[in-house]
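Each remark here refers to the structure printed beneath this line.
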Amino acid sequence: MFTLQFLGAAQTVTGSRFLLQIDGKRLLLDCGLFQGGRALRERNWEPFPISPEHLDGVVLTHAHIDHSGYLPRLIKEGFRGPVYCTPATADLLSLLLPDSGYLQERDAAFANKKKYSRHDPALPLYTEAEAREVLKSLKTVPYHQTSRLSDRLSFEYLHAGHILGSAMIRLNYKRKGAETVLFSTGDLGRSDQPVIKNPETIEQADFLLLESTYGNRIHEDNDILSYLQALIAQVVQSGGSLIIPAFAIGRSQSVLYFLRQLEEAGRIPAMPIFLDSPMAVSAVSVYCSHLDEHDFEMGSLMAEDCVLETGSVRMVKTTEESKALNRFKGPCIIISASGNLSGGRILHHLKSRLPNSRNTVLFVGYQPEGSLGRLISEGKKEVKIHGKRVAVKARVEVLDGLSAHADSEEILEWVSHIKHPPSRIFLVHGELEAQEGLKSKLEKVITSKIVIPEYLEEVQLA
Ligand SMILES: [Zn+2]
């Protein structure tokens, strides 16, 4: 028996969790948190479909919370098996998970204080201490090394080119001399991503879990450096600030990399760049320390020093320093998390800076349906932050050229390397519209059956 159940990232972009049951073994590929609108977040509170103590292991693709953030809850509910990940992912999880627990606790406390939660009292999904428990279960597996899960089952990690440590999973199942390969792309990155290595390609798989975030979109082919240069020139002229909500891990470092290049080339004036996220600050060190994961350009730059740490960048660590930024006058750039405005210090910056037309907010990452980020990026003139109404008078810009996800052309290009088409391709990690767009494009170029699974749907693979 070989079944696959979609416990998340089905017709949505968060909550990546795929349950495999193979010959009595139960394995979870990714263990993500649902983020975005209330209906999605409520799923984090639903009982896990099988008793977590009956799970044999979790194999993670990367550290982002929508792929890892349910782990503390899984352990809290009885899971005791190993959690496999790459070494860099383990380092990033040691920052991300406790921070996620801390944010859960803080947001619950804040909701209780301001009395805006529907639940009384509002509770955290898990605490910082519970999140730290996960770190004891991590088993690191380098890229390209076969890891045995049982006599018949093994897996290997390939570079996904999404964030530091990100991997695709090739799962091998041997039975009666035959081998079945299930391949999961996790979040498929892009070949021109700064800092990290490019995604690898594959020639064969029997079943493919394929990400589809931008399945119906093509990233603007804009010159990111020129775009940022022009935008920053306008910010300086208006005397306002540029606020960049960015995931602490991945996008923040990419943004710093580009800003550093502009600064070095004298294309932007010297101005303070505040990295206001303790986790993003720590992640910068992790990024700089995993030399084995850097692409050629980053590798040669790193020969001198940690290129992400120098220049006008000021690392904001304490809450007091962060609050002091509210009083900072004059042009500056503030990079803060979370990237999709689901929590974190970015909300305080937006509360104080959205009502001022001199300021600019630049979105550089995907904003899930129903999220605050989606509302602002789509032009809503008033939003609610921490239960308070906030007027959106600041200029709002969206730059998707910085995306860490492949667009439809890049997904098709990646698929074109597969010489032996999978019997089924499951589109995951995308909203339905994007998935339908990708499905019709794929059907023109590959003979595989393309499936758009539903939440909790279970399919028989063998
Ligand atoms: Zn990701």
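The values are calculated or read from the model by the stated rules, or taken from the named source; none is laboratory data. Predicted, not measured: the structure shown is a model, and the values here were computed from it. Heads up, the Cβs are rebuilt from the backbone with ideal geometry, glycines too, and the neighbour counts pull from every protein chain shown. When the accessible area is computed, the model is the full protein with side chains, heavy atoms only, and any ligands, DNA or RNA have been set aside. Shrake-Rupley method; radii C 1.70, N 1.55, O 1.52, S 1.80 Å.
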Quick one: how many residues across the stretch 46-61 are within 20 Å of HIS429 (Cα to Cα) and open to solvent by 10 Å² or more (accessible area, probe 1.4 Å)? 3
Of the residues that make up the stretch 62-74, is at least one part of a helix (DSSP H, G or I) and either open to solvent by 70 Å² or more (accessible area, probe 1.4 Å) or more than 26 Å from ALA283 (Cα to Cα) (or both)? no
Kindly indicate whether GLY186 is at positive phi, within 16 Å of the ligand (Cβ to nearest atom) and surrounded by 17 or more Cβ atoms within 10 Å (Cβ to Cβ). yes
With the condition being open to solvent by 70 Å² or more (accessible area, probe 1.4 Å) and of a type in the set (Val, Ile, Thr), I'd like the helices (runs of 4 or more DSSP H) fully within the stretch 345-462 carrying at least 1 qualifying residues. 432-445
Out of the residues in the stretch 199-218 that are under 19 Å from the mean Cα position of the chain (by Cα) and either open to solvent by less than 10 Å² (accessible area, probe 1.4 Å) or within 16 Å of the ligand (Cβ to nearest atom) (or both), which is nearest to GLN460 (Cα to Cα)? LEU209
Using beta carbons and a limit of 7 Å, which pairs, at least six apart or on different chains, have the first residue in the stretch 401-421 and within 23 Å of TYR227 (Cβ to Cβ) and the second one more than 16 Å from the ligand (Cβ to nearest atom) and of a type in the set (Asp, Glu)? GLY401/GLU220
Out of GLU320, GLU263, sole residue that is among the charged types (D, E, K, R), part of a helix (DSSP H, G or I) and touching a residue at least 24 places away in the same chain (Cβ under 8 Å): GLU263
Filter the stretch 41-75 for residues that are of a type in the set (A, V, I, L, M), farther than 13 Å from LEU138 by Cα and more than 16 Å from the ligand (Cβ to nearest atom) and give the result. ILE50, LEU55, LEU74
The lone exception for ILE244 - which of (1) buried (at least 19 other Cβ atoms within 10 Å of the Cβ); (2) of a type in the set (Val, Ile, Thr); (3) under 30 Å from ILE418 (Cα atoms) it fails: (3)
Top-ranked residue in the stretch 165-188 [being of a type outside the set (Asp, Glu), modelled with pLDDT of 95 or more and assigned to a loop (DSSP other than H, G, I, E, B); ranked as nearest to ARG17 (Cα to Cα)]: GLY186
List pairs: first in the stretch 177-201 and farther than 17 Å from HIS62 by Cα, second away from the ligand (no atom under 16 Å from the Cβ) and in a strand (DSSP E or B), Cβ under 6 Å, 6+ apart or cross-chain? GLU179/ASN172; THR180/TYR173; VAL181/ASN172; LEU182/LEU171; LEU182/PHE207
Check the stretch 159-168 and report whether any residue there is within 16 Å of the ligand (Cβ to nearest atom) and open to solvent by 10 Å² or more (accessible area, probe 1.4 Å). yes
Is there a residue being more than 16 Å from the ligand (Cβ to nearest atom), open to solvent by less than 40 Å² (accessible area, probe 1.4 Å) and touching a Lys or Arg at 6+ places or on another chain (Cβ under 9 Å) anywhere in the stretch 112-121? no
